[in-house]
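Please read the structure below before turning to the comments.
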Amino acid sequence: MLQVYLVRHGETQWNAERRIQGQSDSPLTDKGETQAWQVAERAKALGITHIIASDLGRTRRTAEIIADACGCEITLEPRLRELDMGVLERRHIDSLTEEEESWRRQLVNGTADGRIPDGESMQELSERMHAALATCLDLPEGSRPMLISHGMALGCLVSTILGLPAYAERRLRLRNCSISRIDYQHSPWLASGWVVETAGDVSHLDAPALDELQR
Ligand SMILES: O=C(O)[C@H](O)COP(=O)(O)O
């Protein structure tokens, strides 16, 4: 059975500052680098064979560290990028006006086609994440890929695999360098297709980062 491992990148400067990143970027912090080395050791022990990463800087850096430990090449996959947060990118979470906060709420309350101006909807995010995941089905038999992506993007993927709406991702805490595992199974009894084995495992990290709302 195909097992696919999902990793959110290491803590970044803007994660630590509670600043919205989306498809903008900031470097890993020292803690983020340490997290990446720790998840790399777990990836090596898991026997990861392929690294497929969002092409943003924070995921590329995390992927480089993991690929170095596993002796893998990196495939860059733009469809694994974080949700495009439009005009709110680079803004501090606590600086939003009431109108700006209403845009963000549309992403998480199920408003059809809810989006931040110049940004992406959760439906669009879900479609591209599933398309990127589907490429793993074309890998050689016995492959064990690891996808390096982002908090909302991975939360949306896991939520929709569970049959929840894309915006349920706000109720799933995927910390920096957490590992989730999804399997592709063929079973007439259980659900055929993707199933969630684990979500948000941080047992390999000695100091899991707080997520942006806990800081
Ligand atoms: O800040 C954001 O855009 C998200 O909430 C987190 O994105 P990240 O997983 O890329 O840090």
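The set of residues in the stretch 30-55 that are more than 12 Å from the ligand (Cβ to nearest atom) and in a loop (DSSP other than H, G, I, E, B) comprises Gly47, Ile48, Thr49, Asp55.
Within the stretch 158-181, the set of residues being of a type in the set (Lys, Arg), closer than 20 Å to Gln106 by Cβ and within 13 Å of the ligand (Cβ to nearest atom) comprises just one member, Arg170. Being surrounded by 19 or more Cβ atoms within 10 Å (Cβ to Cβ), more than 13 Å from the chain's Cα centre (by Cα), of a type in the set (D, E, K, R) and not in a helix (DSSP H, G or I) is a condition met by at least one residue of the stretch 97-116.
In the condition set (1) in contact (Cβ under 8 Å) with a residue 40 or more places away in the chain; (2) open to solvent by 60 Å² or more (accessible area, probe 1.4 Å), Lys44 is compliant with all but (1). Note on the stretch 1-16: among residues that are surrounded by fewer than 21 Cβ atoms within 10 Å (Cβ to Cβ) and assigned to a strand (DSSP E or B), the one that is nearest to the ligand (Cβ to nearest atom) is Gln3.
Being on the phi < 0 side of the Ramachandran plot and of a type outside the set (A, V, I, L, M, F, W, C) is the filter; apply it to the stretch 77-87 and report the residue that is surrounded by the most Cβ atoms within 10 Å (Cβ to Cβ).
Once the filter is applied, the top-ranked residue is Glu82.
When Gly155 is tested against (1) out of contact with any helix residue (DSSP H, G or I) (no Cβ under 6 Å at 6 or more places or on another chain); (2) within 16 Å of the ligand (Cβ to nearest atom); (3) in a helix (DSSP H, G or I), just one condition goes unmet, and that condition is (1).
Taking the stated definitions as given, is Arg90 within 15 Å of the ligand (Cβ to nearest atom) and either at pLDDT below 95 or surrounded by fewer than 23 Cβ atoms within 10 Å (Cβ to Cβ) (or both)?
Details: within 15 Å of the ligand (Cβ to nearest atom): yes; either at pLDDT below 95 or surrounded by fewer than 23 Cβ atoms within 10 Å (Cβ to Cβ) (or both): yes.
Yes.
As for the stretch 17-29, it holds no residue that is within 16 Å of the chain's Cα centre (by Cα) and assigned to a helix (DSSP H, G or I). Set side by side, the residues Glu127, Glu141 differ, and just one is open to solvent by 60 Å² or more (accessible area, probe 1.4 Å), of a type outside the set (Val, Ile, Thr) and not in a loop (DSSP other than H, G, I, E, B), which is Glu127. Across the stretch 19-27, not a single residue is classified as more than 10 Å from the ligand (Cβ to nearest atom), within 20 Å of Met152 (Cβ to Cβ) and in contact (Cβ under 8 Å) with a residue 60 or more places away in the chain. Tyr5 meets the conditions (1) more than 16 Å from Cys70 (Cα to Cα); (2) touching a helix residue (DSSP H, G or I) at 6+ places or on another chain (Cβ under 8 Å) in every case but one. The failed one is (1).
The values are calculated or read from the model by the stated rules, or taken from the named source; none is laboratory data. For clarity, every value in this text was computed on a predicted model and none was experimentally measured. Positions of Cβ are generated from backbone atoms using ideal geometry, with glycine treated the same way; all protein chains shown enter the neighbour counts. To get the accessible areas, we keep the full protein, side chains included, count just its heavy atoms, and leave off ligands, DNA and RNA. Shrake-Rupley method; radii C 1.70, N 1.55, O 1.52, S 1.80 Å.
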